[in-house]
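Working notes, structure below.
Read the figures in this text as sums done on the coordinates, not as results from a lab. Everything quoted here is computed from the prediction, not taken from an experiment. Backbone-built Cβ (ideal geometry, glycine too); neighbour counts: all protein chains shown.
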Amino acid sequence: MKRNVLVLFSILMVSVFAKAQSIKGKLVDEHQKALTYANVVLEKSDSTFVAGQISDGKGILHFPKVSEGDYRLIISCMGYKTLYIELHGFKHSVNLGTLLMEEDSQQLSEVTVTATNMSLTADKIMVYPNQKQVNASANGIDLLRNLMLPRIHVNPIGNTINTNDGGGVQLCINGRKASQDEVSALQPSEIVRVELQEDPGIRYGNISVVINYVVRRFDVGGSVGYNGQQSVKSLFGRHNINGKLNFGKSEFGFFYNTEHLIFEKMWSKRNEVFAFEDGRTYHRSVTTVPHGQKEIHHRGAITYNFQNDNDYMLNIIVGFENHNVPNYLEEGNLLTEEFSNSMTNRRNWSHNRSTTPYLDIYYQKKMKNNQFLAFNAVGTYINTSNRNEYEEFQNKETIVNYYSAVNGEKFSLITEGIYEKGFNNGTRLTIGIKHTQSYTDNVYSGTLKYNTQMNQANTYAYLQYKGRIGKLNYRLGVGTNRTWFKQKDKDDYDIWSINPQFNLNYTFTEQISASLTGSLSTMTPSLSQLSSADQLIDSLQIKRGNPSLKPYDYYRLNFRLNYQKEKVNIGLFGIYNHRENPIMTHVYRENDKFIHSFANHDRYQYLGVGMNVRIGLLWNILQLSGSITNDMQWSRGVDYYHRHNSLGFSLNSSLFYKNFVFTASYHQQSDSFFGETLNTGEKLLYFSGQYRIKRINLGLMWLNPFSGQYKRNNDFLNKYAGNTYQYNIDDTARMIWATLSWNLSLGRKYKSESKRINNKDFDSGII
């Protein structure tokens, strides 16, 4: 009897341990100090990726649920030798104890992950860059391109990031919102992993995807870097310098980015049809002569960060943005089909400039009982100066001459606070409030003179609860929004709305999971849409805002099915959007003019279905990805109905060999259609090669090699003043780019926290 009880007890104990098998350990340096933010990869003996993580603030690594088998741990950290631990015949939980990481003055040995380096959790996809991907990347944006995240497309021309279905993307660094320039300043060797979170939660509003970079921070030392792209065909270039310097708990940093978009040969063609009340129609066309364009951007910031261990943090950013389009001149012949014997010369000159300094102050505090508090305040000043002159003449005699100038000033203050509470059962409660207060003063002079003064206030409070029931992870949230707007000499309006949101994620197996997300948002009109000021377009057309616009409801429903096994990741998705009484373009007649304005129309609907595939690394050298999306869009206005279908797809491949990486990519973006405006999707093909020499990356990129010209089409389907517009840029066809990056890091120890709120304001209110 006793023997039977003992056997039964043994069986039960084995069963208990089988359900709770784990791998634990603590990383220390040669001084026995905890080594934080080390990269830890768990793979099978055949190099199949299983899971990945980073050591926490105490140097702890922990894989809580590991099945039986043969495994290998690969532990790496900049400045230390890579540690390999074999776990053959793993059956029971193991505590590896204290693991010593030896300092290494040489470059880290390459960590080879021959299978996929991607891991799926209930609410995000985590990708751990291997050394080949790090070596092949010049900055954080470049690394994102080499990782080939599902649904994400990185445009090499503007370094813009979007999803294949057109959804918005929010970049983050260690959980806080970040700008593209901040990500461009990241050194690839600092990036531990990249997280992709789809349908991220109620505090992100209408953002479709959040991309979070988990990075290390130096306690001592610093870094400096440069990365740039320059066309050898034109003066089209992008250059970035950045640096950080650390003294104990303080970190000083800066970044500066400049972009010069200088094209020597571009032209456009526009065909217009005007329908008058008496049944007459005008068919008008204009083709411009080849001309140049110059567009210059400057962005920079100085940053300060003070961090007291993991207790609290203060972060201050003083930055600016400057946008300048000097002396843009467009000339061409204006032909009217009904008057074929007469030809009118058309001249359009413009000069646009804006300067935006801002101050960003952030504070966060970790409190007892798993509580967290954060506060962010951003003050912004936007100064805008726009000049435009439009002229029509025949036989050197002026027929029409319009001149307009806008000098604008906007002051805004954005404040946001977040409180979070975690509970022992793994649930988490988030409460936040965000308030924006702004004042705008725009002075319009020239042929028409106006002065618009606008006050706007927006308050958004939200609550979110996150938990789990078995294999079902859920996130429930609700927000309330109050919008107030007052324009000088106009009635004000005060609108309240309720915005619920839910997310359900069910894990069927280790390989298969599905999610369903639904939300109701309130979309408010921009300041420029609300402005009543007139802007003359030409002799027949005027552009004007509408102070009577009202916010509208925006419904979204997203379904996703993911499959992940070894080297293969496959995702299926369906997206449905419905906008009730959306703000869309509206054209009407007034005093013999066609007025281009805005109105609350009937509805807008969008349905998109698609699939994305990611494979890699094959044979430890080849990575592949692709996607396909079918978009269906319907616009029902007060006096129109339009429907449009389009297909988008992409194919990408990267070949890694020693210090070389070769990339080939083709992207056909699906068309964008909203209201009566149709923008054809961009077609982009490029080949690139890159070679790393110690701390220097050299590369060449060939854009659209088989096309003699780069062109885009924009159509306006209005029955009163419709047009088709095509613009061509010779410089971006068969363009060859030279790339150069140089990064130098001086540091020994890492310790990282970062702000989780970041707000900015770039709406000048000018129509």
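Grab the beta carbon distance between Ser93 and Arg603, set R0 = 56 Å, and tell me the FRET efficiency rounded to 0.05. It comes out at approximately 0.50.
Sparse packing (at most 14 other Cβ atoms within 10 Å of the Cβ) combined with a DSSP loop state is found for the following chymotrypsin sites (Phe, Trp or Tyr not before Pro) in the stretch 583-666: Trp619. Straight-line cross-link reach from Lys265 at under 12 Å between alpha-carbon atoms covers these aspartates and glutamates, not counting any fewer than eight positions away in the same chain: Glu330, Asp730, Asp731.
Under the simplified labelling scheme, the Gln529-Tyr474 pair shows an inter-label distance of 3.4 nm, with each label point 7 Å from Cα along Cα→Cβ. Listed from fewest to most Cβ neighbours within 10 Å, the set His596, His644 follows the order His644, His596. As a length-normalised measure over Cα pairs under 8 Å and 6 or more apart, the relative contact order of the stretch 385-483 settles at 22 percent. Which percentage, to the nearest 5, of the DSSP beta bridges contained in the chain is antiparallel? Roughly 95 percent of the DSSP beta bridges within the chain come out antiparallel. For the chain, the longest principal axis of the alpha carbon atoms and the long axis of helix 2-19 meet at an angle near 30°. By the rule of a C-alpha distance below 13 Å, with chain neighbours fewer than 8 residues away ignored, the aspartates and glutamates paired with Lys719 are Glu272, Glu277, Asp639, Glu676. Here the dipole of the stretch 220-746 is about 2080 debye; that uses its Cα centre as origin and unit charges on the Cβ of Lys and Arg (positive) and Asp and Glu (negative).
Across the options Trp484, Leu314, Ile60, the greatest Cα extent toward the positive end of the charge dipole of the chain (unit charges at beta carbon of Lys, Arg, Asp, Glu) belongs to Ile60. Taking +1 at the Cβ of each Lys and Arg and -1 at the Cβ of each Asp and Glu, which of Leu557, Val214, Thr415 sits farthest along the dipole of the chain towards its positive end, judged by Cα position relative to the Cα centre? Farthest towards the positive end: Val214.
Using only Cα coordinates, the Kirkwood hydrodynamic radius of the stretch 118-197 works out to 12.9 Å. Each of Ser438, Phe255, Leu87 was placed along the dipole of the chain (beta-carbon charges, centred on the mean Cα), and the one lying farthest toward the positive end is Leu87. The chymotrypsin sites (Phe, Trp or Tyr not before Pro) of the stretch 207-311 that meet both conditions, a loop assignment by DSSP and at most 13 other Cβ atoms within 10 Å of the site Cβ, are Phe276.
As an equivalent ellipsoid, the stretch 494-631 spans semi-axes of 44, 21, 11 angstrom, where each value is the square root of five times an eigenvalue of the C-alpha gyration tensor, largest first. Modelled spin-label separation between Phe687 and Trp634, with each label point placed 7 Å from Cα along the Cα-to-Cβ direction: 4.6 nm. Evaluated at q = 0.10, 0.13, 0.14, 0.21 Å⁻¹, a Debye calculation over the C-alpha positions of the stretch 194-321 (equal weights, vacuum) places log10 I(q)/I(0) at -0.65, -0.87, -0.93, -1.21. Take the Kirkwood radius over Cα pairs of the stretch 642-749, plug it into Stokes-Einstein at 25 °C and 0.890 mPa s, and you get 144 µm²/s for translational diffusion.
Helix-only arithmetic for the chain: the sum of -39500 (n - 2.57) across DSSP H runs with n ≥ 4, divided by the residue total, places the mean residue ellipticity at 222 nm at -1500 deg cm²/dmol. Take every Cα pair under 8 Å whose residues are at least 6 apart in sequence, average their separation, divide by the length of the chain, and the relative contact order is 11 percent. At the listed q of 0.04, 0.06, 0.07 Å⁻¹, the Debye profile of the chain, built from one uniform point per Cα, gives log10 I(q)/I(0) equal to -0.19, -0.42, -0.57. Taking a straight line from the alpha carbon of Lys410, these aspartates and glutamates sit under 14 Å away, with near neighbours fewer than eight places off in the same chain left out: Asp441, Asp761, Asp763.
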